[in-house]
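This report concerns only the one structure given below.
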Amino acid sequence: MRKAFKAPNRRYTRIFVPDLSGGMNSASDSRVLPFSQGEAAYNVCLESGALENGYGATYTDILSKLHKVYYYKVYNEAAQRVTDFYLAHNSETGKMHGGLAGPNSWKPLEGAQFKKAPLGVNYKLFGEDVFLLCGEEGMAVVDSLLRVVTVPTAPSITSIAMHNERMFVTIGGRRNAVWFSDDLNPTNWNPELDEGGFIELESENGRLNKAVSFGGYVYVFRDYGIARLTAYGDQREFSVANLFVSSGKIYGDTVAVCGDRIIFLAEDGLYSFDGLSSRRVARNLDGLMKADDGATGCYSAGKYYLAVRSREMQEESNDLLIVLDPRTQFVSVNKGLNVVMFSPITDSNGESLYVQTPKIFLGRLEKGRDHFGKKPERLWRSGFGDLGAPDARKLITEVFLDTKHDCTVKITTEKGSKMLRFAGKNEAQRKRVNLIGTKAQMEIRAEGDISVARPALKFTKIS
């Protein structure tokens, strides 16, 4: 009597990611990554544990030739209300423009001319709210009638820190000194014991690039170190201490005070500085970034923003926008905006962040947006690992996904790959794969919106 054929009794394993907030790891070898951590994650945000839209920018009604915007706050004592003025710089003409909300009514400000976008700060000077514009050409003071007075004695300013009613600045040229203004008068730079002055910091730590006020001190970021300036009362009691020496160059334009810490980029990666010591952060991005003098950063609405080149980028362009939450250490990596300058604004409407790009000029940066109306490609790709069973070949039978929007999933082994399309249904879906291999990788892509949760693979060992 003939025996009936009996299929082998296979055991199936399901490997899934209940939480994708492990983010992206470009520093480790793809083969050693856990399935929950992507070797690539671009134009997506993972803080919620799902794949959601990353950061993008929208067009603004600000004139296209204006490249950096500033907020100038004037308080009217008689009316007891705040008037919002806005200033903007045109890098092609060097002129400053300004006016009330609604840039179509803005006018050029006579007397304010800066080749590069100047630094700006609100200040109460002799009882009047003014706006100080500072650059390599010196200083200009703008009043509430948008009249401009230049300060011919001001030095060539590359960064500013308002501290204890003085302005402390780094300067152009040799970049070996910190200058400071008179007490209560940042327009007086006369180097006298009871007025302004300067402190030279000659050492092997390189040029002075950025001054910031933080935790009761002025910190000066140099090419290869950080100095702390104690500056209370009489300038004869000012003192300097060197705190941190870096093995790689520090990029001054990336230095930003982020609440209770300072974040900055050095040649070997991102650092967090608490006023005494520095520690590395976002190490998972080490294999991704190529730090150079074009990198720039800022702090806005609780997030640190960094525009920097990727290692694969051949042109001198910041193709990466990295958004870091200093408190939680969550990171979002965005590609394709090419930000060259940030304009963080805090006005009566709250905090906003504007960005300058080479082609679009000024746009407003927001989470969940497209790239100036263009749908960016959103991508998450796992490591190319053995799914926890290095000693066995596997038959990958199914893939599971919960997605609100259309997306494609590519499953790859060393033997081949298969592309699957998922429709946005806001429910768990599964599709057949049937691929053999020892190692496997999952890649999720979407053109436009993305909202994906709990991706999973089902497989069985076959040898």
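Can you confirm whether the range 428-450 contains a residue that is exposed (fewer than 14 other Cβ atoms within 10 Å of the Cβ), of a type outside the set (Gly, Ala, Ser), touching a Lys or Arg at 6+ places or on another chain (Cβ under 7 Å) and within 30 Å of residue 60 (Cα to Cα)? Within the range 428-450 (the criterion being exposed (fewer than 14 other Cβ atoms within 10 Å of the Cβ), of a type outside the set (Gly, Ala, Ser), touching a Lys or Arg at 6+ places or on another chain (Cβ under 7 Å) and within 30 Å of residue 60 (Cα to Cα)), the answer is yes, since at least one residue qualifies.
Applying a threshold of 6 Å to beta carbon distances and a minimum spacing of six or more residues, or different chains, the list of pairs starting in the range 191-219 at a residue that is on the phi > 0 side of the Ramachandran plot and ending at one that is small (Gly, Ala, Ser) and in a loop (DSSP other than H, G, I, E, B) reads 215/275.
Looking only at residues of the range 399-423 that are surrounded by 15 or more Cβ atoms within 10 Å (Cβ to Cβ) and aliphatic (A, V, I, L, M), we find that the one that is farthest from residue 321 (Cα to Cα) is 399.
Annotation note: of 111, 98, the sole residue that is touching a Lys or Arg at 6+ places or on another chain (Cβ under 9 Å), open to solvent by less than 20 Å² (accessible area, probe 1.4 Å) and free of Cβ contacts under 8 Å to residues at least 60 places away in the same chain is 98. Output yes when any residue across the range 264-273 is within 17 Å of residue 213 (Cβ to Cβ), in a strand (DSSP E or B) and among the aromatic types (Phe, Trp, Tyr), and no when none is. Taking every residue of the range 264-273 in turn, at least one turns out to be within 17 Å of residue 213 (Cβ to Cβ), in a strand (DSSP E or B) and among the aromatic types (Phe, Trp, Tyr). Applying the criterion of at least 2 residues that are surrounded by fewer than 17 Cβ atoms within 10 Å (Cβ to Cβ) and modelled with pLDDT of 95 or more to the strands (runs of 3 or more DSSP E) found wholly in the range 141-259 leaves 148-151. Could you go through the range 46-60 and let me know if any residue there is among the aromatic types (Phe, Trp, Tyr), open to solvent by less than 20 Å² (accessible area, probe 1.4 Å) and closer than 21 Å to residue 187 by Cβ. Checking the range 46-60: not a single residue is among the aromatic types (Phe, Trp, Tyr), open to solvent by less than 20 Å² (accessible area, probe 1.4 Å) and closer than 21 Å to residue 187 by Cβ. Out of 174, 166, one residue alone is closer than 24 Å to residue 235 by Cα and without any contact (Cβ under 8 Å) to a residue 40 or more places away in the chain. It is 174. Among the residues of the range 97-135, those that are assigned to a strand (DSSP E or B) and closer than 17 Å to residue 354 by Cα comprise 97, 98, 119, 120, 121.
Within the range 348-398, track down each residue that is of a type outside the set (Asp, Glu), more than 19 Å from residue 59 (Cβ to Cβ), modelled with pLDDT under 90 and open to solvent by 50 Å² or more (accessible area, probe 1.4 Å). Listed by number, the residues that qualify are 348, 388, 390.
The values are calculated or read from the model by the stated rules, or taken from the named source; none is laboratory data. In this text the structure is predicted, and so the values were computed from the model without any measurement. Cβ coordinates were reconstructed from backbone atoms using ideal geometry, including for glycine residues, and neighbour counts include every protein chain displayed. Surface areas here come from the heavy atoms of the whole protein model, side chains and all, with no ligands, DNA or RNA. Shrake-Rupley method; radii C 1.70, N 1.55, O 1.52, S 1.80 Å.
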